[in-house]
Every structure is written in structure tokens, then in C-alpha cells.
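J.: Starting off with a structure, shown below.
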Amino acid sequence: MLANISRIASGQFIAQLILVASLPYITRYYNPEEFGVFAVFSAIIGILVVFSTGKVEFLIITMKSKDEAVALTIGTMIMVLIFSFVITLITLFFLSDFLNSFFLKEFSYLPLLMGVTILFIGGAQTLRYYATYLGSFSGHGIAATVNAISMISVALGYAIFIGGDSLPIGLILGQMIGQVLSFLVFLFYTDIIQMITLKKLKISSTTVLNQIQKIPVLLTTNLASSLSSRIPTLIMSAVGGMSVAGIFAMADRAVGAPTGAFGQTVGQVVRHQYCKVYEVDNGNTSLPRKIIKSTFFFVIFGYGLLIVSADWLVPLVLGEQWRVATVFVQIIATMELFNFMFYSVEDIAIIRDNFSYRMWTQIAQLIFLLILYAVVNVTNILSNTELALGLICLARILFVAYDLTKTWRGVQKN
């Protein structure tokens with residue numbers, strides 16, 4: 001297992017190193033307001049991607065045979081293709097003016113940008129889970145590295161050579177092209193193209209429908225999770241304006257992106273390993289407990305060091321004009337400490353077929369954030385940005401702590 005983790009982690013480490021090394025340059029070409037616009041676009045895309053797959057890709061790892069896994073992978077990718085095409089048309093004919101006013105920017109080709117980004121994010125996510133099913137972990141790290149290089153190259157290239165009043169387009173294009181290349185990497189590192197046959201295309205929809213009873217819980221859970229991770233940007237914008245939203249987005253990206261990458265790296269391998277263990281002993285708790293204990297000691301040291309050193313590290317990396325992000329980084333690091341442990345064992349509940357509790361806790365978290373957004377949007381009761389961010393992070397910490405206790409106990413489906 002450690003060999004597989006290191007195989008993915010090496011690529012993820014390089015990718016995150018590239019992203020961190022690029023921050024001093026990115027933050028000198030893009031200001032907080034532009035980061036705020038990009039964060040809003042990414043938030044909308046993230047929510048739509050959840051709808052495009054229905055999170056069916058989570059179930060690929062649970063398939064009993066390779067033929068079923070292939071059929072479910074193909075079926076999910078067809079869902080993404082259809083959904084992205086429909087969103088492009090809806091945006092083109094009905095939502096372009098609304099979204100441009102929402103972004104406070106006039107974006108050319110907005111429907112195409114949204115449709116293509118959804119298509120390749122959803123496709124790359126689906127193939128990543130299929131690669132995990134196959135135990136093909138080399139592509140994970142390479143995809144992450146290629147994604148990071150292309151995203152930074154395009155964003156900086158756009159700012160340097162094109163510039164203008166629509167700089168967020170550079171960040172959006174960087175994100176989109178990075179996902180396109182990630183998708184191509186997973187195509188190369190899996191056999192999905194060779195496995196596509198007319199027969200599998202015909203049964204792909206049936207395979208998806210066979211999982212239909214699990215989709216509502218998965219979709220609701222992950223939609224609530226996706227909304228919960230995006231609404232904070234809107235809350236911070238309502239509290240302090242687009243500049244504060246941009247500062248929050250940068251702090252969240254600087255701390256949250258490595259957390260998600262490395263935490264899910266461990267999680268990819270853990271879910272592959274636990275699947276094998278679960279087939280023999282479906283009551284096994286030793287592996288999840290081992291992972292939780294190991295990651296706990298790692299995150300206490302790693303994130304504690306980040307929190308202590310943030311006062312000099314943030315202005316050094318981001319520039320003096322971003323010093324105000326220091327407190328944001330410290331608060332978010334406290335939350336990400338718990339998130340890392342959660343990502344490491346996130347899919348164990350799905351393999352156990354016991355994850356409905358997660359839907360209700362995610363909904364509770366979402367309701368809290370929606371209430372908080374309503375409060376800061378219509379009143380002046382909560383005008384302190386640090387306090388608002390602290391409440392957002394506390395909600396997430398409580399959810400994760402509860403989820404980890406369920407994973408630790410190994411409660412089975414009734």
C-alpha cells in the first residue's frame with residue numbers, strides 16, 4: 001500500500017510544488033477581485049459537475065467484475081457528455097446575460113467555456129475512479145503534474161501576453177485546459193478506449209440504472225458537500241466585498257488544494273486496499289483505524305507548523321500586499337487538518353454501503369451555511385471577516401469529526 005501511495009504522492013508533490021512556486025508570480029499579475037471572479041466561476045462549475053455525473057463514479061470501485069466497471073465508466077461519461085451539451089445550450093440561450101452580470105464581467109464564449117470545463121472535469125474524475133479500480137496509480141500523479149503545469153502556464157501566459165479587462169479568463173482557461181490534459185492522461189493510463197464496444201455501449205445505461213437506488217443519496221450528499229464548499233466564497237463576498245472573497249479564495253487554494261490532493265491521494269489507495277479487505281471481512285475496522293491514527297500524527301505536525309509560520313510565510317510567498325491573508329490561512333489550516341483525515345478514509349463508508357448518514361450531516365452543514373449567508377447578506381450583524389470564516393470552518397470541523405467517528409466504529413448498514 002505504501003508503494004502505491006508513494007507512486008501517486010510523488011506526482012502530487014511535484015504538482016503542488018509547481019503551484020506553490022507559481023504563487024509569487026500569479027499574485028503579482030492577478031489581484032483579489034480577479035481571483036474572486038474566478039472563484040465564483042469555479043464554484044458554479046463545481047456544483048454543475050456534481051449533477052453531470054450524479055457521483056455515480058464513486059460506485060465504479062464497488063463493481064464485482066471488470067465488465068461492470070467498464071460499463072459503468074462508459075455510462076457515466078455519456079451522462080457527462082449529454083449534460084455538458086445541455087448546459088452549453090441553456091447558458092447560450094437563457095443565462096449568458098444573468099451570469100455575466102453575476103460575475104460583474106463580460107465574458108466572450110461563456111457557454112462554451114462552461115460546457116467544455118464541465119465535460120473534461122467530469123470525464124477526468126470518472127476515469128480517475130476507473131484507474132483506481134484497475135489499481136493503475138501511475139497516471140494519478142502524472143495527471144496532477146500535467147494539470148498544474150498547464151494551468152499555471154496558461155494563466156501566466158494570458159496575463160503577460162494578452163491582459164486587458166478580462167484577466168479572470170486566463171485563470172478559467174488554465175483550469176479548463178489543465179482538465180483536458182488530465183483527461184487525456186487517464187485515457188492513456190487506462191484501457192477504457194480498447195474496452196469500448198457496441199455491446200458495452202448498449203448495456204452502459206442499464207448498468208447505470210442498476211445503481212439508480214444509490215444515486216439519490218450520493219447526489220444529495222455530494223451536491224450538499226459541493227455547495228458547502230462553494231457558498232463560503234459568497235459569504236465572504238457579502239461580508240467584505242469581492243476583494244475579501246478573492247483573499248479567501250487564494251488562502252483556500254494555497255492550503256485547501258494541497259490538502260485535497262494529498263488527502264485524496266491516500267484515499268485513492270485506501271479505497272483500493274479496503275475493497276480487497278472488505279471482500280474477506282466486511283466488519284474490518286483495523287485498516288480504517290490505522291489510516292486515521294497515522295494521518296492524525298502527520299497533520300498535527302504539518303498543519304501546526306504552517307499555522308505557526310504563517311506570519312512570515314504568507315507575505316514571503318504571496319507578496320507583501322497579500323499579508324492580510326495570513327489570518328485566513330491560519331484559520332483554514334485548522335479546518336484542513338481535519339479535512340485531510342476525512343479525505344483519507346472518505347470512501348470506506350461507500351464500500352461498506354453505509355453512507356446515508358453523510359447525506360444528512362452534509363445537508364445540516366449546508367443549511368447552516370445558507371442561514372449564515374442570508375444573515376450576512378441582509379444584515380450588518382456579522383461584519384467581522386475572521387469571525388465569519390471561523391464559523392464556516394467550525395461547521396466543517398464538526399461534520400468531519402462526526403464522520404470520522406462513524407468510520408472508526410465501523411458501523412454497518414442496517
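The values are calculated or read from the model by the stated rules, or taken from the named source; none is laboratory data. The shown structure was predicted, so the numbers you read here are calculated from the model rather than taken from an experiment. We place every Cβ from the backbone using ideal geometry, glycine too, and count neighbours over all the protein chains shown. Only protein heavy atoms, including side chains, enter the accessible area calculation; ligands, DNA and RNA are left aside. Shrake-Rupley method; radii C 1.70, N 1.55, O 1.52, S 1.80 Å.
J.: Determine which member of the set 163, 115, 122 is assigned to a helix (DSSP H, G or I), free of Cβ contacts under 8 Å to residues at least 60 places away in the same chain and either buried (at least 22 other Cβ atoms within 10 Å of the Cβ) or not aliphatic (A, V, I, L, M) (or both).
T.: Only one candidate passes the filter, namely 115.
For (1) part of a helix (DSSP H, G or I); (2) within 23 Å of the chain's Cα centre (by Cα); (3) touching a residue at least 40 places away in the same chain (Cβ under 8 Å); (4) surrounded by fewer than 22 Cβ atoms within 10 Å (Cβ to Cβ), each residue gets a yes or a no:
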site: 150; (1), (2), (3), (4): yes, yes, no, yes
site: 178; (1), (2), (3), (4): yes, yes, no, no
site: 182; (1), (2), (3), (4): yes, yes, yes, no
site: 239; (1), (2), (3), (4): yes, no, yes, no
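J.: Is one or more of the residues making up the stretch 326-335 crowded, with 22+ Cβ neighbours inside 10 Å, in contact with a Lys or Arg (Cβ under 7 Å, 6 or more places away or on another chain) and assigned to a helix (DSSP H, G or I)?
T.: Yes, because at least one residue in the stretch 326-335 is crowded, with 22+ Cβ neighbours inside 10 Å, in contact with a Lys or Arg (Cβ under 7 Å, 6 or more places away or on another chain) and assigned to a helix (DSSP H, G or I).
J.: Just to be sure before I move on: is residue 73 hydroxyl-bearing (Ser, Thr, Tyr) and closer than 26 Å to residue 246 by Cβ in the structure I sent?
T.: Here the answer is no, as residue 73 does not meet what is asked.
J.: Another question about this same structure. Can you name the number of the only condition in (1) of a type in the set (D, E, K, R); (2) open to solvent by less than 30 Å² (accessible area, probe 1.4 Å); (3) over 23 Å from residue 133 (Cβ atoms) that residue 293 fails?
T.: (2)
J.: Next question. Does at least one position in the stretch 81-104 carry a residue that is over 23 Å from the mean Cα position of the chain (by Cα), within 23 Å of residue 201 (Cβ to Cβ) and crowded, with 19+ Cβ neighbours inside 10 Å?
T.: No, the conditions are met nowhere in the stretch 81-104.
J.: Looking only at the stretch 168-198, how many residues end up being touching a Ser or Thr at 6+ places or on another chain (Cβ under 7 Å), hydrophobic (A, V, I, L, M, F, W, C) and within 15 Å of residue 69 (Cβ to Cβ)?
T.: 1
J.: Would you confirm, using the coordinates I've provided, whether residue 59 is aliphatic (A, V, I, L, M) and surrounded by fewer than 19 Cβ atoms within 10 Å (Cβ to Cβ)?
T.: Details: aliphatic (A, V, I, L, M): yes; surrounded by fewer than 19 Cβ atoms within 10 Å (Cβ to Cβ): no.
In short, no.
J.: Any residue in the stretch 379-389 that is touching a Cys at 6+ places or on another chain (Cβ under 7 Å), farther than 27 Å from residue 271 by Cβ and assigned to a helix (DSSP H, G or I)? Please lay out each step first, then the result.
T.: Of the stretch 379-389, the ones touching a Cys at 6+ places or on another chain (Cβ under 7 Å) are none.
Among the residues of the stretch 379-389, not one is touching a Cys at 6+ places or on another chain (Cβ under 7 Å), farther than 27 Å from residue 271 by Cβ and assigned to a helix (DSSP H, G or I), which makes the answer no.
J.: Pairs needed: first member in the stretch 242-271, of a type in the set (D, E, K, R); second member anywhere, modelled with pLDDT under 85; C-beta distance under 6 Å; at least 6 residues apart or different chains.
T.: 271/61; 271/347
J.: Which one is surrounded by the fewest Cβ atoms within 10 Å (Cβ to Cβ) among residues in the stretch 390-414 that are of a type outside the set (D, E, K, R) and assigned to a loop (DSSP other than H, G, I, E, B)? I'd like the intermediate steps shown before the answer.
T.: Filtering the stretch 390-414 for residues of a type outside the set (D, E, K, R) gives 390-395, 397-402, 404-405, 407-408, 410-412, 414.
Those still in the list that are assigned to a loop (DSSP other than H, G, I, E, B) too: 410-412, 414.
Numbers: 410: 18, 411: 14, 412: 10, 414: 5.
It comes out as 414.
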